[in-house]
Amino acid sequence: MARVVAAMAMTHSPGLTGWFTRASEEYQQAALRATAEMRRRLLAARPDVVVMVSNDHLLNWPINNVPEFTVGIGDEHVGPADWFDEWLGMEKYRVPGHPALARWIVNEGARRRLMLAYLRRMQFDDGISVPIHYLNPDGKFPLVPVTMNCTVPPIPTPERAYQVGMVLREVLRAYPGPERIAVIATGGLSHEPGGPRYFWVDEEFDRWFLDLLKKGDHRALLRECTLERMEEAGSGGTAELLAWILVLAFTSGPADVLAYMPAIAWRSGTGMVLWNDVAP
């Protein structure tokens with residue numbers, strides 16, 4: 001049976017690749033150290049596949065038809081999407097997929113009353129591309145991308161995201177192959193893309209949220225970190241932390257916060273975390 005061997009999360013701000021040097025040297029070095037440690041831990045975990053949970057920025061679906069969750073089931077994944085490559089300062093990359101596991105997630109999810117959309121060809125912007133750049137630059141680890149709607153109301157509540165994480169945890173464990181699986185969340189922290197608070201970061205919210213992760217109390221986080229609180233910290237962007245809450249369901253115990261940077265230059269509160277223990 002398959003086994004989840006690593007869980008981690010990071011911000012996917014396009015500034016981390018597209019205009020990295022606009023932030024202070026201190027922030028640049030902190031980000032490089034943190035992502036290098038994430039990469040080191042990923043290599044040490046020896047996953048056969050990475051399931052990466054991000055959000056869809058209306059790139060793959062029209063605004064009037066956005067599924068709650070979508071799984072990329074392709075044999076190969078190519079990014080960034082046209083136009084985003086220049087914005088992100090990235091060359092095109094190719095990462096192998098794991099269609100057998102991806103299809104299992106869709107089919108087994110349905111058996112467990114979790115209906116997931118799927119795409120054979122999924123387009124990627126910063127949500128998947130920035131973490132790929134830092135954590136899987138050589139395409140060593142096959143990828144199963146899972147994107148969620150964090151943009152068009154109604155969006156999932158934190159409780160719903162956590163519930164989906166619990167189902168996905170059981171689905172992955174039930175996969176009949178011997179695969180070692182790493183689960184990575186991307187998005188957040190506080191930001192308001194294109195809004196009136198575009199050049200602003202809610203440092204107080206970010207540190208509060210990260211402190212909740214460090215305490216490892218899932219119930220407290222779900223009780224206190226509401227959608228309304230996330231919207232107050234940056235409308236249209238901060239709710240990307242729902243991906244982190246989904247991956248939280250795979251973990252037990254406190255998270256290690258590797259770095260936090262209230263990086264207005266990157267247009268986002270920026271952080272990287274690891275969990276030392278996955279749920280039994």
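Of all residues being among the aliphatic types (A, V, I, L, M) and modelled with pLDDT under 95 in segment 36-71, which is nearest to residue 129 (Cα to Cα)? Just the residue, please.
59
Give the number of residues within segment 54-75 that are closer than 14 Å to residue 143 by Cβ and more than 16 Å from the chain's Cα centre (by Cα).
Residues in segment 54-75 being closer than 14 Å to residue 143 by Cβ and more than 16 Å from the chain's Cα centre (by Cα): 3 in total.
How many residues, within segment 5-53, are outside any helix (DSSP H, G or I) and surrounded by fewer than 16 Cβ atoms within 10 Å (Cβ to Cβ)?
Counting residues in segment 5-53 that are outside any helix (DSSP H, G or I) and surrounded by fewer than 16 Cβ atoms within 10 Å (Cβ to Cβ) gives 2.
So residue 4 clears everything in (1) within 21 Å of residue 126 (Cβ to Cβ); (2) touching a helix residue (DSSP H, G or I) at 6+ places or on another chain (Cβ under 8 Å) except one condition, right? Which one?
Every listed condition holds for residue 4 apart from (1).
Could we say that residue 214 is under 23 Å from residue 34 (Cβ atoms), at pLDDT 95 or above, part of a loop (DSSP other than H, G, I, E, B) and of a type in the set (Lys, Arg) here?
no
Just the residues that are touching a residue at least 12 places away in the same chain (Cβ under 8 Å) and either buried (at least 23 other Cβ atoms within 10 Å of the Cβ) or assigned to a helix (DSSP H, G or I) (or both), please, taken from segment 96-115.
Those that are touching a residue at least 12 places away in the same chain (Cβ under 8 Å) and either buried (at least 23 other Cβ atoms within 10 Å of the Cβ) or assigned to a helix (DSSP H, G or I) (or both): 98, 99, 100, 101, 102, 103, 104, 105, 106, 108, 109.
Looking at segment 72-95, can you tell me whether even one residue there is out of contact with any helix residue (DSSP H, G or I) (no Cβ under 9 Å at 6 or more places or on another chain) and either small (Gly, Ala, Ser) or surrounded by 15 or more Cβ atoms within 10 Å (Cβ to Cβ) (or both)?
No: zero hits.
Restricting attention to segment 183-200, which residues are hydrophobic (A, V, I, L, M, F, W, C), surrounded by fewer than 24 Cβ atoms within 10 Å (Cβ to Cβ) and either touching a Gly at 6+ places or on another chain (Cβ under 8 Å) or closer than 30 Å to residue 98 by Cα (or both)?
Selection gives 200 alone.
If you scan segment 22-39, which residues turn out to be over 18 Å from the mean Cα position of the chain (by Cα) and basic (Lys, Arg)?
Those that are over 18 Å from the mean Cα position of the chain (by Cα) and basic (Lys, Arg): 22, 33.
Scan segment 135-158 and report the pairs whose first residue is under 21 Å from residue 274 (Cβ atoms) and modelled with pLDDT of 95 or more and whose second residue is part of a loop (DSSP other than H, G, I, E, B) and among the aromatic types (Phe, Trp, Tyr), with Cβ atoms within less than 8 Å and a gap of 6+ or a chain change.
As it stands, the answer is 145/124, since those pairs meet every condition given.
Given the structure, is residue 256 in a strand (DSSP E or B), of a type outside the set (Gly, Ala, Ser) and without any contact (Cβ under 8 Å) to a residue 60 or more places away in the chain?
Here the answer is yes, as residue 256 does meet what is asked.
Which of the residues belonging to segment 164-198 are under 16 Å from the mean Cα position of the chain (by Cα) and either in a loop (DSSP other than H, G, I, E, B) or without any contact (Cβ under 8 Å) to a residue 12 or more places away in the chain (or both)?
Across segment 164-198, the qualifying residues are 187, 188, 189, 190, 191.
Restricting attention to segment 207-245, which residues are among the small types (Gly, Ala, Ser) and in contact (Cβ under 8 Å) with a residue 60 or more places away in the chain?
Answer for segment 207-245, where residues must be among the small types (Gly, Ala, Ser) and in contact (Cβ under 8 Å) with a residue 60 or more places away in the chain: 236, 239, 243.
The values are calculated or read from the model by the stated rules, or taken from the named source; none is laboratory data. Everything quoted here is computed from the prediction, not taken from an experiment. Every residue, glycine among them, receives a Cβ derived from its backbone with ideal geometry; neighbour counts consider all protein chains shown.
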